[in-house]
Structure formats: C-alpha cells, structure tokens
Amino acid sequence: MSTRLASRFAALKREGRAGLVAYVMASDPDHETCFEILRGLPAAGADVIELGFPFSDPMADGPSIQKAALRALKAGGSLKQTLDLARRFRETDRDTPLILMGYANPIESMGYEAFAKAMAASGADGVIIVDLPPEEDAPLRATFPSSGLSIIRLATPTTDDGRLTKVLDGASGFLYYVSVAGVTGANAATSAQVRAAVERLKRATDLPIAVGFGVREPEAARAIAVNADAVVVGSAFVDEITAGPAPQAVERVLRKVAQLSEAVRSARELEGTPA
Amino acid sequence: MDVRRNWQDLPDAEGRFGPYGGRFVAETLMPLVLDLERAYRAAQTDPAFAATMQDFWTHYVGRPSPLYFAERLTDHHGGAKIYFKRDELNHTGAHKINNCLGQVLLALRMGKTRIIAETGAGQHGVATATVCARLGLPCVVFMGATDIERQKPNVFRMKLLGAEVRPVTSGAATLKDAMNEALRDWVTNVADTFYCIGTAAGPHPYPEMVRDFQSVIGREAREQILEREGRLPDAVMACIGGGSNAIGLFHPFIADENVRLIGVEAAGRGIDDRFEHSAAINGGRPGVLHGNRTYLLQNEDGQILEGHSISAGLDYPGVGPEHSYLADIGRAQYLSATDTEALEAFKLCAKLEGILPALEPSHALARVGDVAREIGKDGLLIMNLCGRGDKDVFTVADALGVKL
C-alpha cells in the first residue's frame, strides 16, 4: 500500500482526530484554476486529496459532480490531463496523499498496465473506481501492488457481512464507506446510522474508514468525524466553483475546505470522547 | 469456436461472454444484481413462472407471431426466399413487450413494488408502462428531454398508461443519459425498485435474461420455418441497436452452424471518424459502460460519444455484450445501413408488402436484398420485422420533406 497514505492515517491517529478527504474534479473549471485549488488544498486543511478524472457518463454521481465533469471535459479534461495535474501537485507537496477517483472506461481505454505505470510516475497514491467492484478489478490488482499503489474499495449500506469479506479482500489504503444508498451529494445519513456502520466496519478491518456521500455541511462532517477516521467531502467543494464570480473560484473552494476541515478537526474535542 | 459446443453455457458464472459482459456497477448495486440473478435462476426452473409467461404471450401479446413469406419483396430482389418474423404484430407494436413481461413478472415474484425503465424512442417505455398497468405496478420511465421532444406521441401513450415520464436533462439528454438516470434512481431506491432494462445489455444477469425472454422470437421462427419449408434457413437477419431483437432471433440458431446470423447496425450518415452513426461494432471499440464491457462509440480518452441514427431505437452508443462476442469469434456477421438506405427500404416494404416497418428493422430490410442474392434462389432467409412503423410516420415525412 501507499506509504504516504499509511503515514498520513498514522499521524491522524497520533493527533487523535479524523482527517478531511477533499474531492475536486480535475480540469474543473480549467487546468490552471484546478491546479491552483490543488496546490492550496493542504494549507486549507485537506489531509487527503481525491482528484476526480472526468467521465461523460457518471452514473453514481449527483448533479454537482455531473456538472463538474461536463465543465472539465469542455475544458479539455481527460485521464492524461488528470495524471499531469497529479504530477504537478506532487512537485509542490511531498506528503499529502492523492487518490484518483472516477469510472472504469477511461482506464480501460488507456490500458490497466499503462495506467498503473503512469499513476506511479505521477506520484499519485491510489485509486477509487466507482464501477469496478471486486469481481471486476482483477486487471488492476495484477498491476497495482508492484507499483505501491492502493486500491480503495467501497462499502455501502447494502453491503452485508458476506459481501464485506469480499470487499475487504484486496482492499488497501483505506475503506471508503458510502454512507447512503444513492448518488454523490444527495441526502445524508443520520449520524447514528453512520456511527453504527463505522463501528461494524472497524470490527471487520484494521484499514482506516473514510465516510462520504451526502456530507456537505460542517455539522454533518463533525458528527461523522467523531468515530470515522476520515470524512470525504466533494459536491460541496465542487459547487463553490460556480457559486460566484470566476476569478474568486479558488478562494471560494479553499474557504469551504477550511470550514469543513475546522469542523472535522474539532469534532472529538467537542464530543469529549476519543474514538 | 467453443461457442458452438457450449453456447447454452454462455454467459459464464461471472456473466462473461468471452471478455465481454460482466458486472461493472457501483458497490451499492452489487448486492442487488446478485439478488436479481438468484431470483432469475429460481424463476427459470419454476414451471408456474413459465406458464404465466405463456398465458400472457398467448392471450395478451398475441404470440406466436406469424412467419410471413414476403413474396413480392423476394421477387423484387431475385434471390433467396425472404420470410418476415412478424414481431411488429405484438401488442404495443414491437418485440419489446416480450422482455418487459418477463422482467415485470420477475419483479412481482421478488416482492418489488415499483418499476423503473429507460427509453429512447419510447417503445420500451410504452411496453413497460403497458405491462405495469396490466399488473398494477407504479412505473417511472426515464427519457431524455431531447427524445421527449422528438417522440411526443409515445410520451403521451406512456402517460395514458399511467406511467410517470421523468425528463432527463443531464448529459446530452438522450437514451444513454436516461439509462444513467435510471441507474441513479435504482442506487437510491434499493429496497423496493426493480430496474426493467430494455435491451440485452447492462450488468449481468440482464444481457442473459433479456436474451432468454426475447428468444421466444427465434424458437418460434425455427419451428415455423421447419414446418413451412422442412429445413432450417440459410440466414437469419435483424437490426442491432442494443441488439435485443437480434439476440432473441439468433440465439436458438447459434448451434446450427449452417445458419448465418446477420446483424445490421445503423450507419447513420456514414461510418467514419465524425461518429454520426450508431454502429458500435463496425465503428467503435471495446470499453465499459452501463454495467458491461462491450463495443462502444468512444473517443481516445474513453469518453462516450453520442452517435446518431434516424431511428431513435438504434441510437445508442453501445451494443449487447453477446453480440460483441459473436462478432469477435466470427459466429455472427455485422453489416450496416445508412439513414438513407433505411428510408428507401422503408418505402419499398410499404409499397411491395403493404407493411409499414419501423425505422429500426428498415435497417435490416436495407441489407436483405444483398444477402438474399448472395444466398441465391434456392435459399431461405428470415428477417425479424421487430416493430411497426406507425410511430415513425412523422420522422419519415420529415426526412422526405413532406409537411403533415
């Protein structure tokens, strides 16, 4: 597994707090603006970066990320451009783990081996492929371990115990818990539901648990950060791109990241009980 | 060529037809497609399920559909005898209802209380809405906003049948986006909803299940031609969008090595790098979309392209995975016909046979003469006339520059 991911989650554990995984879409709204956002993410409080690569048919995404993908494609975004942004980011930051997230077809198109090589060369640490369940990710598993890259698997409210064993077999980096059955950015689960789910997952694996889907506001993020190892926020950041005048897009996104990061960092202090 | 020995075993346990097919879905949906597969296996071996299907086929759909000798078209082309399998005479006017009946009956068995479907031209939407009305289930049909504008009569039909037609404005607002939106609905309503997919594509077990439900076409055709001519045909032909009518016709003939299987894709304005066509096999390359690996129209980055066809029912950037496999191993042959050729064939069929074919099978009709002549005078050919053309009169009038 990626050493950067392992050290980051170890550090979070030492600090006794959850981390913020911040999702942005590559090339949204254009390459350079996206690069400025990426470069500013660690200082704004992102502990892990998820960089989406655009796909024409994002079947698991809600309207926010669908629109982001369209903006990115319109700006000339592609898997290659995404890898280039990852590489440029890595030149500015040696420590913050960066995960790529997207759909299978751009990778199929590039070829799994070529993709693994390009990823390793770019300094990215792992990948989440939404429509590549364990039954279908053999080509990735064949190329990834030798590159030191993590395959991040997803667990969901529909994942029963038998299924969870299958999901965990071959998972690395962290486990991404999709907290609601639905698309990204839609309704959020209640904090009680999420807590119970995280506890169940922790009994099944030593991998850190990151919780995402539907987390938009500091309150929700804070509630999850009490017992999850990380909180994933995407749609709320992506929405900031078009929430005001274009020249202030970077500032708006980073301000939102700082706001969510503050909520995640302070969650356990307020709660008064370590997870 | 193992398919000829083992064709009944495909797909394999992972839902693969060679490298194609599979279950490329979000983790949330994995337990659902696995559950669906279990439910389908149980239904397959339940005589009561088969009996219910048969009863609906006979008394509601009007099966078996006739096998009709198209005598004047045969004379016109001067080659093999051309037979039409008349699935356009089914209730709702196309082959789509064969599959909808099977899936919605399965949904009832599974205790699902809500049906969703995607539709492009509206034929699958109408068929699903029809079956849902008959079986008393609420039905939501996702349809691209662009298609809603192009297919107003079918939209109204669906509403009359009690379905809710939900306009899809994401992406290019056509069939593939409607399918994306249906998948988004399914992933959100996992407990009560059954997704009734309209073609032999999607995650396993859909390609197999839809094929099996549509195979009634080929089974009947095989029996009918044996009874009529005392031998198997030299070729069977059908148009290919997702390819459900074609796989339904082909499948009972796959093991008959001497029967040529011929699919006809929509070449739109020509198969070239402008991608103004819907010929996934002839003009695309393998990739992953909507739950399966198959031939797709895509750019060099793997982004899916829109394609084009005068026939809304063929206007889809992919094709069912079994067709991709049959193409690769050479068991089936995939030709194509342009918009213009399909229109000419539409007119010819109307004039010579007194049948208005849908624009979809008009693509197969456009190649039927070539194939009939190639086979020669003593030959036999069956073409699936999978839909009637009433729905297309506005499109055809428009293409011919006639104002109605």
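List of remarks:
- If the condition is being open to solvent by less than 10 Å² (accessible area, probe 1.4 Å), among the small types (Gly, Ala, Ser) and at negative phi, then the stretch B:17-39 contributes no residue at all.
- Scoring A:Tyr176 on the criteria (1) outside any strand (DSSP E or B); (2) buried (at least 22 other Cβ atoms within 10 Å of the Cβ) leaves a single failure, condition (1).
- Of the helices (runs of 4 or more DSSP H) lying entirely inside the stretch A:28-103, those carrying at least 3 residues that are in contact (Cβ under 8 Å) with a residue 60 or more places away in the chain, surrounded by 18 or more Cβ atoms within 10 Å (Cβ to Cβ) and out of contact with any Cys (no Cβ under 6 Å at 6 or more places or on another chain) are A:31-44, A:63-74.
- The set of residues in the stretch A:116-168 that are under 17 Å from A:Ala210 (Cβ atoms) and of a type in the set (Val, Ile, Thr) comprises A:Val127, A:Ile128, A:Ile129, A:Val130, A:Ile151, A:Ile152, A:Thr156, A:Thr159, A:Val167.
- Screening the stretch B:132-211 for strands (runs of 3 or more DSSP E) wholly inside it with 1 or more residues that are of a type in the set (S, T, N, Q) returns the ranges B:193-196.
- Test result for B:Arg388, open to solvent by 10 Å² or more (accessible area, probe 1.4 Å), closer than 14 Å to B:Phe84 by Cα and basic (Lys, Arg): yes
- Selection over the stretch A:198-225 of residues that are free of Cβ contacts under 8 Å to residues at least 60 places away in the same chain and assigned to a loop (DSSP other than H, G, I, E, B) gives a count of 8.
- Residue tally, condition within 14 Å of chain A (Cβ to nearest Cβ) and under 23 Å from the mean Cα position of the chain (by Cα), over the stretch B:35-71: 2
- Those residues of the stretch B:70-93 which are free of Cβ contacts under 8 Å to residues at least 60 places away in the same chain and either over 17 Å from B:Phe213 (Cα atoms) or small (Gly, Ala, Ser) (or both), in sequence order: B:Glu71, B:Asp75
- Across the stretch A:104-146, the number of residues qualifying as at the interface with chain B (Cβ under 10 Å from one of its Cβ atoms) and part of a strand (DSSP E or B) comes to 1.
- Listed conditions (1) within 14 Å of chain A (Cβ to nearest Cβ); (2) over 17 Å from the mean Cα position of the chain (by Cα); (3) under 29 Å from B:Ala221 (Cα atoms) are all met by B:Phe142, apart from (3).
- Considering each residue of the stretch A:210-226 in turn, none proves to be touching a Pro at 6+ places or on another chain (Cβ under 8 Å) and open to solvent by 30 Å² or more (accessible area, probe 1.4 Å).
- Complete set of residues in the stretch B:17-34 that are more than 9 Å from chain A (Cβ to nearest Cβ) and without any contact (Cβ under 8 Å) to a residue 60 or more places away in the chain: none
- Residue check for B:Ser244: within 22 Å of B:Ala121 (Cβ to Cβ), crowded, with 24+ Cβ neighbours inside 10 Å and in contact (Cβ under 8 Å) with a residue 60 or more places away in the chain: yes
- Any hit, the stretch B:308-328, residues being on the phi > 0 side of the Ramachandran plot and touching a Ser or Thr at 6+ places or on another chain (Cβ under 7 Å): no
- The single residue among B:Phe275, B:Phe213 that is at positive phi, out of contact with any Phe, Trp or Tyr (no Cβ under 9 Å at 6 or more places or on another chain) and surrounded by fewer than 24 Cβ atoms within 10 Å (Cβ to Cβ) turns out to be B:Phe275.
- Within the stretch B:273-380, helices (runs of 4 or more DSSP H) holding 2 or more residues that are within 30 Å of A:Ser78 (Cβ to Cβ): B:280-283, B:321-328
- Test: residue in the stretch A:6-19 that is among the charged types (D, E, K, R), open to solvent by 10 Å² or more (accessible area, probe 1.4 Å) and without any contact (Cβ under 8 Å) to a residue 12 or more places away in the chain: yes
- Subset of the stretch B:175-193 (residues that are hydroxyl-bearing (Ser, Thr, Tyr) and either in contact with a helix residue (DSSP H, G or I) (Cβ under 7 Å, 6 or more places away or on another chain) or more than 8 Å from chain A (Cβ to nearest Cβ) (or both)): B:Thr193
- Filtered by the rule that a residue be in contact (Cβ under 8 Å) with a residue 12 or more places away in the chain, open to solvent by 30 Å² or more (accessible area, probe 1.4 Å) and either basic (Lys, Arg) or within 10 Å of another protein chain (Cβ to nearest Cβ) (or both), the stretch B:291-347 gives B:Arg293, B:Leu305, B:Glu306.
- Within the stretch B:226-241, the residues that satisfy the criterion of being open to solvent by less than 20 Å² (accessible area, probe 1.4 Å) and in contact with a strand residue (DSSP E or B) (Cβ under 6 Å, 6 or more places away or on another chain) are B:Pro233, B:Ala235, B:Val236, B:Met237, B:Ala238, B:Cys239, B:Ile240.
- For beta carbons closer than 7 Å, sequence separation of 6+ or different chains, a first residue in the stretch B:348-360 that is closer than 18 Å to B:Ser336 by Cα and a second that is of a type in the set (Phe, Trp, Tyr) and surrounded by 18 or more Cβ atoms within 10 Å (Cβ to Cβ), the qualifying pairs are B:Pro357/B:Phe346; B:Leu359/B:Phe346.
- Check on B:Phe49, crowded, with 20+ Cβ neighbours inside 10 Å and aromatic (Phe, Trp, Tyr): no
- Picking from residues in the stretch B:58-74 that are open to solvent by less than 20 Å² (accessible area, probe 1.4 Å) and in a helix (DSSP H, G or I), the one that is nearest to B:Arg219 (Cα to Cα) is B:Val61.
- Residues that are assigned to a helix (DSSP H, G or I) and either at positive phi or not acidic (Asp, Glu) (or both), drawn from the stretch B:381-404: B:Gly389, B:Lys391, B:Val393, B:Phe394, B:Thr395, B:Val396, B:Ala397, B:Ala399
- Every condition in (1) touching a Gly at 6+ places or on another chain (Cβ under 6 Å); (2) modelled with pLDDT under 95; (3) open to solvent by less than 40 Å² (accessible area, probe 1.4 Å); (4) of a type outside the set (D, E, K, R) holds for A:Ala181 except the one numbered (1).
The values are calculated or read from the model by the stated rules, or taken from the named source; none is laboratory data. Just so it is clear, the structure is predicted and the values come from calculations on it, not from any experiment. Every residue, glycine as well, gets a Cβ built from its backbone with ideal geometry; the counts of neighbours run over all protein chains shown. Only protein heavy atoms, including side chains, enter the accessible area calculation; ligands, DNA and RNA are left aside. Shrake-Rupley method; radii C 1.70, N 1.55, O 1.52, S 1.80 Å.
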